[in-house]
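Here is the structure we will look at.
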């Protein structure tokens, strides 16, 4: 082996060893336990980062929600449900739930599947009970006083009932129009809700540098907002999320009835764009932006109508069968490559083994969710990695038959095979990108593993296989020509 080919191989083998340990640290930890017990050492265990498994493999939580579409026109309901589904999926992704599946069930129901999640309440909290963003205008003084008077009547009636030790609920209901006492005396809801908010963003005043929050409403929201601001100039517009102030305004670390976030309306605003000013801290503005965007849901969902933990069931069996099929297929490919291509086939099989180890380590490192679809994409990429080696060896054979030296045949074989490898893989990557952009969660999982696998397979064929072949340049084995030529 030539010295200049020695170090690339050492680097590849070292990288493979690190990747293998990262993928399967439990075997190293077993050795550490044995060493610690025999020699009284205290070598710490390697951190074992588990593979992320999909719902069809690992099980998880399934929640079913029913959306309230009563206020949505019939011709807009399908679009609203599609938007709601996308928004919930993006929200869950923020919390790192692996490959969630959100799908419609009927006209107004959504099924949310969260793989790997075992705590039902935690799952509900992740979705955040789908915050409902509401803009409320300030009541006039007479209306406010009327509600305050009604609240006092109810309070007096309840207190009297408590003194007499009678039913307080009945006493409250006995007050005429007692429902008024349940309303906010200072602000009333408007038609402007989160479903009309396209986005909120953080900006800075060009003159003072103070943080500001830009709001942008859709066309329908712009008209509603124009009407509200037109009739409330000089008044406040309160912003609520799930019936509470959108931010903690009194600084006590919690959001409750003592908080109120209500910017002042300075003028009638047209065009659907508004700016919230008067914010003193960037952190406050960021919190406000985040909360506004969280509440930009088209309809409220509330609590799920059904919730259950689900196991992998058939998925576990399918996963077992898929893994066995993958191992069997890999072994058959290795046997074929060695039988047909002889020594190049042995080197290609070694390169393919290194490729699998590196790819699994990469999946684990970046947190790819291994659903059945994703595993299918991985296995397909293995086949494409073999295809690249077949092209290279075929070109090598032609160069050897033309009477060129071994090293010249290796280099020319790679140079001639590269355009076909590049173009074939590039077109597949384009298809994979399209599947990822427009497919569902499971299709995206397939596309992700396929594309990553293709990129790593190109590295395997062009770098690893090439380095292994170059290592034999100038050796005695190079002279054994029958080892380097395929059967036919």
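Return yes or no: is residue 83 at pLDDT below 75, in contact with a helix residue (DSSP H, G or I) (Cβ under 9 Å, 6 or more places away or on another chain), outside the structural domain of residue 323 (by TED's automatic domain parsing) and buried (at least 21 other Cβ atoms within 10 Å of the Cβ)? Steps first, answer last, please.
On the way: at pLDDT below 75: yes; in contact with a helix residue (DSSP H, G or I) (Cβ under 9 Å, 6 or more places away or on another chain): yes; outside the structural domain of residue 323 (by TED's automatic domain parsing): yes; buried (at least 21 other Cβ atoms within 10 Å of the Cβ): no.
No; evaluated as a whole, the condition is false for this residue.
List, please: which pairs have Cβ atoms under 9 Å, are six or more places apart or on different chains, and start with a residue in the range 202-217 that is free of Cβ contacts under 8 Å to residues at least 12 places away in the same chain and end with one that is surrounded by 15 or more Cβ atoms within 10 Å (Cβ to Cβ) and in a strand (DSSP E or B)?
If the second residue must be surrounded by 15 or more Cβ atoms within 10 Å (Cβ to Cβ) and in a strand (DSSP E or B), the pairs left are 204/211; 204/212.
Looking at 281, 285, 290, 238, can you tell me which residue is buried (at least 20 other Cβ atoms within 10 Å of the Cβ) and farther than 22 Å from residue 191 by Cβ?
Working: 281 fails: buried (at least 20 other Cβ atoms within 10 Å of the Cβ); 290 fails: buried (at least 20 other Cβ atoms within 10 Å of the Cβ); 238 fails: farther than 22 Å from residue 191 by Cβ.
Unique residue meeting the criteria: 285.
Please tell me if residue 20 is in contact with a strand residue (DSSP E or B) (Cβ under 9 Å, 6 or more places away or on another chain), surrounded by 11 or more Cβ atoms within 10 Å (Cβ to Cβ) and touching a residue at least 24 places away in the same chain (Cβ under 8 Å).
Working: in contact with a strand residue (DSSP E or B) (Cβ under 9 Å, 6 or more places away or on another chain): no; surrounded by 11 or more Cβ atoms within 10 Å (Cβ to Cβ): yes; touching a residue at least 24 places away in the same chain (Cβ under 8 Å): yes.
No; evaluated as a whole, the condition is false for this residue.
Looking at the structure I just gave you, is residue 352 at pLDDT below 85, buried (at least 16 other Cβ atoms within 10 Å of the Cβ) and within 30 Å of residue 25 (Cα to Cα)?
Details: at pLDDT below 85: no; buried (at least 16 other Cβ atoms within 10 Å of the Cβ): yes; within 30 Å of residue 25 (Cα to Cα): yes.
For residue 352, the condition - at pLDDT below 85, buried (at least 16 other Cβ atoms within 10 Å of the Cβ) and within 30 Å of residue 25 (Cα to Cα) - is not met.
Among the residues of the range 203-248, which ones are more than 17 Å from residue 261 (Cα to Cα) and touching a helix residue (DSSP H, G or I) at 6+ places or on another chain (Cβ under 7 Å)?
Across the range 203-248, the qualifying residues are 217, 218, 220, 221, 224.
Residue 185 versus (1) surrounded by fewer than 16 Cβ atoms within 10 Å (Cβ to Cβ); (2) in a loop (DSSP other than H, G, I, E, B): which is the lone unmet condition?
(1)
In the range 3-43, which residue that is outside any helix (DSSP H, G or I) and out of contact with any helix residue (DSSP H, G or I) (no Cβ under 8 Å at 6 or more places or on another chain) is modelled with the lowest pLDDT? Don't jump to the end; show me each part of the working.
Of the residues in the range 3-43, the ones outside any helix (DSSP H, G or I) are 24, 40-43.
So of that shortlist, the ones also out of contact with any helix residue (DSSP H, G or I) (no Cβ under 8 Å at 6 or more places or on another chain) come out as 24, 40.
On the way: 24: 86, 40: 72.
Applying the filter and picking the extreme gives 40.
Return the pair list, or none, for Cβ contacts closer than 9 Å from residues in the range 415-433 that are without any contact (Cβ under 8 Å) to a residue 24 or more places away in the chain to residues that are exposed (fewer than 15 other Cβ atoms within 10 Å of the Cβ) and assigned to a helix (DSSP H, G or I), at least 6 apart or on different chains.
Short answer, once both residue conditions are applied: 416/398.
Looking at the range 328-344 only, could you name the residues that are in contact with a helix residue (DSSP H, G or I) (Cβ under 6 Å, 6 or more places away or on another chain) and in contact (Cβ under 8 Å) with a residue 12 or more places away in the chain?
333, 334, 337, 341, 342, 343, 344
Counting residues that are in contact with a strand residue (DSSP E or B) (Cβ under 7 Å, 6 or more places away or on another chain) and in the same structural domain as residue 339 (by TED's automatic domain parsing), which helices (runs of 4 or more DSSP H) fully inside the range 380-488 reach at least 1?
Values: elements: 406-438, 441-459, 466-470.
In the range 380-488, 441-459 are the helices (runs of 4 or more DSSP H) which contain 1 or more residues that are in contact with a strand residue (DSSP E or B) (Cβ under 7 Å, 6 or more places away or on another chain) and in the same structural domain as residue 339 (by TED's automatic domain parsing).
Any residue at all in the range 320-327 that's farther than 15 Å from residue 458 by Cα, part of a helix (DSSP H, G or I) and in contact with a helix residue (DSSP H, G or I) (Cβ under 7 Å, 6 or more places away or on another chain)? Lay out the reasoning, then the answer.
In the first step, residues of the range 320-327 are kept if they are farther than 15 Å from residue 458 by Cα; the result is 320-327.
Checking which are part of a helix (DSSP H, G or I) leaves us with 320-327.
From what's left, in contact with a helix residue (DSSP H, G or I) (Cβ under 7 Å, 6 or more places away or on another chain): 322, 326.
Yes, because at least one residue in the range 320-327 is farther than 15 Å from residue 458 by Cα, part of a helix (DSSP H, G or I) and in contact with a helix residue (DSSP H, G or I) (Cβ under 7 Å, 6 or more places away or on another chain).
Hey, could you check the range 89-141 for residues that are out of contact with any helix residue (DSSP H, G or I) (no Cβ under 8 Å at 6 or more places or on another chain) and modelled with pLDDT of 80 or more and say which is surrounded by the fewest Cβ atoms within 10 Å (Cβ to Cβ)?
The initial filter retains those residues of the range 89-141 that are out of contact with any helix residue (DSSP H, G or I) (no Cβ under 8 Å at 6 or more places or on another chain), namely 90, 93-94, 96, 98, 105-106, 109, 111, 118-125, 129, 136, 138, 140-141.
So of that shortlist, the ones also modelled with pLDDT of 80 or more come out as 109, 111, 136, 138, 140-141.
Working: 109: 15, 111: 17, 136: 19, 138: 19, 140: 11, 141: 8.
Here the answer is 141.
Given the condition under 27 Å from residue 81 (Cβ atoms) and either in a strand (DSSP E or B) or in contact with a strand residue (DSSP E or B) (Cβ under 6 Å, 6 or more places away or on another chain) (or both), answer yes or no: does some residue in the range 206-215 qualify? Before you say what the answer is, go through the steps one by one.
In the first step, residues of the range 206-215 are kept if they are under 27 Å from residue 81 (Cβ atoms); the result is 215.
Adding the requirement that they be either in a strand (DSSP E or B) or in contact with a strand residue (DSSP E or B) (Cβ under 6 Å, 6 or more places away or on another chain) (or both) leaves 215.
Within the range 206-215 (the criterion being under 27 Å from residue 81 (Cβ atoms) and either in a strand (DSSP E or B) or in contact with a strand residue (DSSP E or B) (Cβ under 6 Å, 6 or more places away or on another chain) (or both)), the answer is yes, since at least one residue qualifies.
Just need a number here: residues in the range 164-205 that are closer than 18 Å to residue 154 by Cβ and touching a strand residue (DSSP E or B) at 6+ places or on another chain (Cβ under 8 Å).
Here the count works out to 2.
Which of the residues belonging to the range 373-400 are free of Cβ contacts under 8 Å to residues at least 60 places away in the same chain and farther than 21 Å from residue 450 by Cβ? Please lay out each step first, then the result.
Step one: list which residues in the range 373-400 are free of Cβ contacts under 8 Å to residues at least 60 places away in the same chain, which gives 379, 383, 386-387, 390-391, 395, 398-399.
Passing the criteria: 395, 398, 399.
Look through 437, 469 and report the one residue that is buried (at least 16 other Cβ atoms within 10 Å of the Cβ) and more than 17 Å from residue 362 (Cβ to Cβ).
Values: 437 fails: buried (at least 16 other Cβ atoms within 10 Å of the Cβ).
After applying the criteria, what remains is 469.
If you go through the range 232-241 one residue at a time, do you hit one that is in contact with a strand residue (DSSP E or B) (Cβ under 9 Å, 6 or more places away or on another chain) and assigned to a helix (DSSP H, G or I)?
At the first step, the residues of the range 232-241 found to be in contact with a strand residue (DSSP E or B) (Cβ under 9 Å, 6 or more places away or on another chain) are 232, 234-241.
Restricting the remaining residues to those that are assigned to a helix (DSSP H, G or I) gives none.
Scanning the range 232-241, I find no residue that is in contact with a strand residue (DSSP E or B) (Cβ under 9 Å, 6 or more places away or on another chain) and assigned to a helix (DSSP H, G or I), so the answer is no.
The values are calculated or read from the model by the stated rules, or taken from the named source; none is laboratory data. Values in this document were obtained by computation on a predicted structure and should not be read as measured data. Note: ideal-geometry Cβ built from the backbone for every residue, glycine included; neighbour counts use all protein chains shown.
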